[in-house]
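K.L.:
I have a structure here, written as structure tokens, and I will follow up with some questions on it.
The values are calculated or read from the model by the stated rules, or taken from the named source; none is laboratory data. All values reported here derive from a predicted model rather than from experimental measurement. Backbone-built Cβ (ideal geometry, glycine too); neighbour counts: all protein chains shown.
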């Protein structure tokens, strides 16, 4: 447990204290939201566009954060140093994943707040779903919790994929390109599930309407957690 705590502390410092990865990702997210917001006139913004913008921004900023942190480790040979210390691969995978999950989820909360400020007024009008202005409070509160849960599961999946693809690209001369090439196809089912569930949540249809999409996200996270724990050490060696 001491080794686990030490490595986790190192990873948390990497994302939040020792570098500016989280700050730069946050600024990138806000900049992308502003760009998309002023690209579309208010009268053209609908639920489909708003949800697509939300997940596009989260994917881009999350991937930037993952690649930036991995680039630091690649350049500093940090993984090689950890490997020489004799630490088991699954411990490295779990600590790196936990730290990146925390970063991705905090980024999602920030993005969701900015998204609500910029797009909420155009999407959630008093007549949405047949509700009056006074009846909107409960459905909107429920929708916020739904999107937070959906974002948490998607952030877990993105972080897990990022750790696995980064170790796959570790020994390649074109690791930056390889990480992009491998990351996007693998993440497509996760993004489809997350965006589909988000659309149903924004339509105020309740938890049960898109439970199959939420279950698919959870299954995706469990699969890649198991894959990382089992295969990380082998991929590290290769």
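K.L.:
Among the candidates 162, 157, which residue alone is more than 19 Å from residue 52 (Cα to Cα), at pLDDT 85 or above and touching a helix residue (DSSP H, G or I) at 6+ places or on another chain (Cβ under 6 Å)?
P.N.:
Residue meeting the stated conditions: 162.
K.L.:
Scan the range 45-52 and give yes if some residue there is modelled with pLDDT under 75, surrounded by fewer than 17 Cβ atoms within 10 Å (Cβ to Cβ), out of contact with any helix residue (DSSP H, G or I) (no Cβ under 7 Å at 6 or more places or on another chain) and not in a helix (DSSP H, G or I), otherwise no.
P.N.:
no
K.L.:
Pick from the range 14-40 the residues that are modelled with pLDDT of 70 or more, surrounded by 12 or more Cβ atoms within 10 Å (Cβ to Cβ) and over 17 Å from the mean Cα position of the chain (by Cα): which of them is farthest from residue 55 (Cα to Cα)?
P.N.:
Out of the qualifying residues, it is 40.
K.L.:
Of everything in the range 218-238 that's farther than 23 Å from residue 87 by Cα and crowded, with 21+ Cβ neighbours inside 10 Å, which residue is nearest to the chain's Cα centre (by Cα)?
P.N.:
221
K.L.:
If residue 204 meets every condition in (1) part of a helix (DSSP H, G or I); (2) touching a helix residue (DSSP H, G or I) at 6+ places or on another chain (Cβ under 6 Å) apart from one, which number is that one?
P.N.:
Condition not satisfied by residue 204: (1).
K.L.:
Further, regarding this structure: Tell me, please, whether a residue that is modelled with pLDDT of 75 or more and under 28 Å from residue 215 (Cβ atoms) can be found in the range 124-137. Reasoning before the result, please.
P.N.:
So the first thing to find is which residues in the range 124-137 are modelled with pLDDT of 75 or more, and the list is none.
There is no residue in the range 124-137 that is modelled with pLDDT of 75 or more and under 28 Å from residue 215 (Cβ atoms).
K.L.:
Any residue at all in the range 68-80 that is within 13 Å of residue 111 (Cβ to Cβ), in contact with a helix residue (DSSP H, G or I) (Cβ under 8 Å, 6 or more places away or on another chain) and modelled with pLDDT of 70 or more?
P.N.:
No, the range 68-80 has no match at all.
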